[in-house]
Structure formats: structure tokens, C-alpha cells
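Participant: Questions regarding the structure given below will be posed in turn.
Each reported figure results from applying straightforward, stated rules to the coordinates on display, with no laboratory input. Here the structure is a predicted model, which means the values were calculated and not measured. Backbone-built Cβ (ideal geometry, glycine too); neighbour counts: all protein chains shown.
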Amino acid sequence: MSELFESASGLQTALAKGSLSAAELMQSTLERIAAVNPAVNAIVSLRAPDALIAEARAADQMPKDQRGPLFGLPIAIKDLANAKGLPTSHGSPIFAGQIAEKDDLMVGRIRAAGAIIIGKTNTPEMGLGSHTFNPVFGPTRNPYDLHRSAGGSSGGAAAALATGMLAIADGSDMMGSLRNPAAWNNVYGFRPTWGCVPSEPDGDVFLHQLSTSGPMARSPDDILTLLRVMAGADPRVPSSRVAQGLPHQLLGDLRGKRLGWLGNWGGALPFDPGLLEATEGALDALRSLGAEVDELAPPFERERLWQSWTTLRSWAVAGGDTGLYEKPDLRAQMKPALIWEIERGVALSALDVHRASLIRSEWFLQPAARYLNAMMRF
């Protein structure tokens, strides 16, 4: 089972050479899940082992010139996205057991690239919250300390990576849901520029630009491998973009790269003891690889950004879930935080949303914000 902590790129090399088969990898993956998942509760809705082994054996018969970039790699999809034939519970009793009839756009790309979808990863109810627990599957626990949170909302994905149950995972991020659980589980989560990974071409495709899907893994190289599969324009999604500038591999040489460092926002953001110092130590490692690190003064008032963000978040949540809220029997199955968010969003006027967007626009036009956005654009 030592191969389970191998990188995805290392597994791909072994699969290509024939020193490891997809069926062998799947068998090891299932054994690992059986051994550790009961404690951490990261993977849910696991498919039948016999069916997964059969699919992996069939994959092994595929000609090598027809194998995609994720060939043979087991993956579990965050339980907010649809994977055909699997439940999409959203962590909510409202949707528990509801079987997806088709893949979401991102999931279809992952499947077409050769990954084998084994189940789902746990998430907070409706993806709302920074801790992964819900009344359908219960909490996901941090593998470093089972009494602590795995973070959220992609906590299931992060814990599955940290324990060797997966080598790659998808997640989604509205305000840290790829990055927070990755940090808490000692793995990587990358939030792409909005539009790099297209949203689902369903419902409104113009207004809501807060949440995006993205990759998670145990190494930056594997983040890139999955991102190259997930990214790219779709003609049905007006703000999606061609994935320009994505390299084929990371070289580890950061000469000529500039990083913006905001630190604790001039003292406005509290840090646990030692965390800020550890982060600054990581900047030294980046400098040693040739990067130039620019320490930036707070470019905007934190309180105004928070006001803008929470207004736009409530508007987005209400836009997505008001139809459920309006049915008393479904509302009774919602957690209080979700009800509060919807009611706050419903109470907003069009001018409230406009004013929040003006603050966001003002932030974007700040020189420091333009600098940061230019560096993050993919």
C-alpha cells in the first residue's frame, strides 16, 4: 500500500510502465478506505467494491494511446457536484439519496480524462460553513487529531488526501473552501481565477461570481495536472475562459516571479500564536527558489470588504436556495445558519446589492488589488 502516498504523477508513471495496474491501485485504494475512513469519515457514498474493481480491470485493457491524463486514478467527487449514478446529497436531508442522472461539466471532464469515480467526499450542509459536518453523513474529522475539525467546505476531500485514500480531489471555494481545509490537513488546495474552471451551465450564468471549483492534491505538480483537466472555456458559460498560461509542468524555479504578501492586514486579522511566523518562514523558502516577495500595506478597509462580501454572499445563497426555503416542509429540514443566510439575502434590495458591488469594484481598482489579481490570473 506504499503507493497510496505516491504522487498522482508517480502513479501515472507506474501505470504507464505497467509496474502498477489500475486494478491493483483500486484494490489498494479500497483497502485503505476500509482501514481509515471509518475514523475520519471523509469519503461517502462509496460505490460497490466489485463494480470498482471491474471498472479498473476494464481500464487496464485500454490501449495506451487512448488513455487520458488521469488514467486509472481513483477520485471521489465533492458531494455538491453531480456524478452520474451517484447520490448528490449536498449534505442535506432534503437531497439525501437523490441520484444524479448526469455528470456536471467539471465531473465529465475528470471522467473523460480517465479517472475512476469511486464515490463522493463529505461537505457541510449545502456547502455552507468552514467545518465539514452534516445530518446525513456526520462530521469529517481531522486525521492529525480526530477531535479537531478538518475544515470546510472541502473537508472530506482534504482528509481523504491526507490519509492516502486519494491522490487527487476536486473541491469548491466561495471564501476559502479549497484553501482552509487544505491548510488544516497539510495538503494543497488551489482556488483558480473565476471562470478558469467553468461553473455549471444551469440556472443563472451571469450574475453570481463568488464560488468556483478547483483542484486539491498533496503536491503542486498534481494540482497542475488536475487543473489542466478541469480548466477551459465552455460556450454555454459566458464568463468562462480559455486556460491560457497553464504550464505543462512546474520547474521549481521561481526566478522572475513576484508574490504579494499582505500578512495580517496591518494587525486587523488575528492569528493563532506561531502561525504568522510559520507562514513568513514559508516565504523565505519561496525566496530561496528565486521569487521576489513584496510586503504590502493594507490596501483597503477590512470592514468595508467584509460588508461587501457578506452582502453578496447572502444574495448568492438566497438566489440558489429560496425555492427550497419557500416550501415549509423543506425549510424545516434546513440548518439555522442556512435559514439565516437566505432570509438575510431575501431582505436585500437591488440597491443593497449594487452598493456592495460598488465596494467590490472600488477594491478591485486599488493598485494593490490590481497587482494581486494580475499575479493570480490563470
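Participant: Give me, ordered by chain and number, the residues 5 or more places off V293 or on other chains with an amide H under 5 Å from its own placed amide H.
Facilitator: Hits under the 5 Å cutoff: L259.
Participant: If you find the alpha carbon centre of the stretch 247-289 and of the stretch 103-171, how far apart are they in angstrom?
Facilitator: Cα centroid to Cα centroid, the span is 26 Å.
Participant: May I pose another question? For the stretch 119-167, just run the numbers: alpha carbon Rg, then divide by 2.2 N^0.38 Å, N being how many residues it has. Please report the intermediate quantities before stating the final value.
Facilitator: Values: Rg = 9.8 Å, N = 49, 2.2 N^0.38 = 9.7 Å.
Compactness ratio reported: 1.01.
Participant: When the Kirkwood hydrodynamic radius is evaluated over all pairs of different C-alpha atoms of the chain, what value in angstrom, to one decimal, is obtained? Mind dumping the intermediate values first?
Facilitator: Working: mean 1/r = 0.0459 Å⁻¹.
Kirkwood hydrodynamic radius for the chain: 21.8 Å.
Participant: Of G138, G214, G260, which is the most mobile in a GNM of the chain whose springs link Cα atoms less than 10 angstrom apart?
Facilitator: G260
Participant: With +1 on each Lys and Arg Cβ and -1 on each Asp and Glu Cβ, and nothing else charged, work out how big the dipole of the chain is about its Cα centre, in Debye to the nearest 20.
Facilitator: Working: 35 positive and 39 negative charges, 87 e Å.
Dipole of the chain, to the nearest 20 debye: 420 debye.
Participant: Placing unit charges on C-beta atoms (Lys and Arg positive, Asp and Glu negative, everything else neutral), compute the dipole magnitude of the stretch 129-240 about its Cα centre in debye, rounded to 20. Before the final figure, lay out each step's value.
Facilitator: Values: 7 positive and 9 negative charges, 62 e Å.
For this selection, approximately 300 debye.
Participant: With label points built 7 Å along Cα→Cβ from the Cα atoms of T322 and M175, find their separation and express it in nm.
Facilitator: Inter-label distance under the simple model: 2.0 nm.
Participant: Sum up the charges of everything whose Cβ sits under 10 Å from the Cβ of E200, counting Lys and Arg as +1 and Asp and Glu as -1, but leave E200 out. Spell out each step's value before the answer.
Facilitator: Working: positive: R236; negative: D104, D202, D234.
Once positives and negatives cancel, what remains is -2.
Participant: May I ask you to evaluate 6.51 cos²θ - 1.76 cosθ + 1.60, the Karplus curve with θ = phi - 60°, for each residue of the stretch 78-92 and list the ³J(HN,Hα) values in order in whole Hz, giving x for glycine and proline?
Facilitator: Rounded to whole hertz, the list is 3, 6, 10, 9, 8, 10, 3, x, 10, x, 10, 8, 6, x, 10.
Participant: I would also like to ask the following. Using a Cα distance threshold of under 14 Å, what count of lysine pairs results for the chain when pairs must be 8 or more residues apart or interchain? Before the final figure, lay out the partial values.
Facilitator: Values: K17/K64; K78/K120; K84/K102; K84/K120.
Total qualifying Lys-Lys pairs in the chain comes to 4.
Participant: Between M106, M174, M165, which gets the highest mean-square fluctuation from a Gaussian network model of the chain, Cα cutoff 10 Å?
Facilitator: It is M174.
Participant: Hey, got a sec? Which trypsin sites (Lys or Arg not before Pro) in the stretch 143-242 land in a DSSP loop and have at most 13 other Cβ atoms within 10 Å?
Facilitator: Details: sites: R148, R179, R218, R228, R236, R241; in loops: R218, R236, R241.
Counting only loop positions with at most 13 other Cβ atoms within 10 Å, the trypsin sites (Lys or Arg not before Pro) in the stretch 143-242 are R236.
Participant: Quick one: longest stretch of the chain between exposed loop GluC sites (Glu not before Pro), exposed meaning at most 16 other C-beta atoms within 10 Å and loop per DSSP?
Facilitator: Details: sites that count: E101, E301, E326.
Looking at the chain, 102-300 is the longest stretch - no exposed GluC sites (Glu not before Pro) with at most 16 other Cβ atoms within 10 Å.
Participant: Through the Karplus equation 6.51 cos²θ - 1.76 cosθ + 1.60, θ set to phi - 60°, convert the phi angles of the stretch 102-114 into ³J(HN,Hα) values in whole Hz; use x for Gly and Pro.
Facilitator: 8, 6, 5, 3, 5, 5, x, 5, 5, 5, 5, 7, x
Participant: Now a separate question. If you take every residue apart from S9 with its C-beta less than 14 Å away from the C-beta of S9, what net charge results, scoring Lys and Arg +1 and Asp and Glu -1?
Facilitator: Details: positive: K17, R218, R228; negative: E3, E6, D221, D222.
Residues close to S9 contribute a combined charge of -1.
Participant: Apply the Karplus curve 6.51 cos²θ - 1.76 cosθ + 1.60, θ = phi - 60°, to the phi angles in the stretch 225-242 and return the couplings in whole Hz, x for Gly and Pro.
Facilitator: Rounded to whole hertz, the list is 4, 6, 4, 4, 7, 6, 7, x, 5, 10, x, 8, 10, x, 9, 6, 9, 5.
Participant: Still on this structure, I have one more. Using a 10 angstrom cutoff on alpha carbons, build the Gaussian network for the chain and name the most mobile of N82, N264, N185.
Facilitator: N264
Participant: Which trypsin sites (Lys or Arg not before Pro) from the stretch 5-105 combine a DSSP loop assignment with at most 12 other Cβ atoms within 10 Å?
Facilitator: Working: sites: K17, R32, R47, R57, K64, R67, K78, K84, K102; in loops: R47, R67, K84, K102.
Filter output for the stretch 5-105: K102.
Participant: Long-range amide H contacts for G119: which residues qualify at under 5 Å (H placed 1.01 Å from N, peptide plane, sequence gap of 5 or more or a different chain)?
Facilitator: R47, I77
Participant: Which whole-percent values make up P(r) of the stretch 48-195 when all C-alpha to C-alpha distances are grouped in 5 Å steps starting at zero?
Facilitator: Over the stretch 48-195, the share of Cα pairs per 5 Å bin runs 2, 11, 18, 21, 21, 14, 8, 4, 1, 0 percent.
Participant: Diagonalise the Cα gyration tensor of the stretch 232-352 and give the resulting equivalent ellipsoid semi-axes, square root of 5 times each eigenvalue, largest first, whole Å. Could you put the intermediate results ahead of the total?
Facilitator: Values: eigenvalues 298, 109, 45 Å².
That gives 39, 23, 15 Å for the three semi-axes.
Participant: Roughly how compact is the stretch 302-376, stated as its Cα Rg over 2.2 N^0.38 Å to two decimals?
Facilitator: Working: Rg = 15.4 Å, N = 75, 2.2 N^0.38 = 11.3 Å.
Relative to the rule-of-thumb radius for its length, the stretch 302-376 sits at 1.35.
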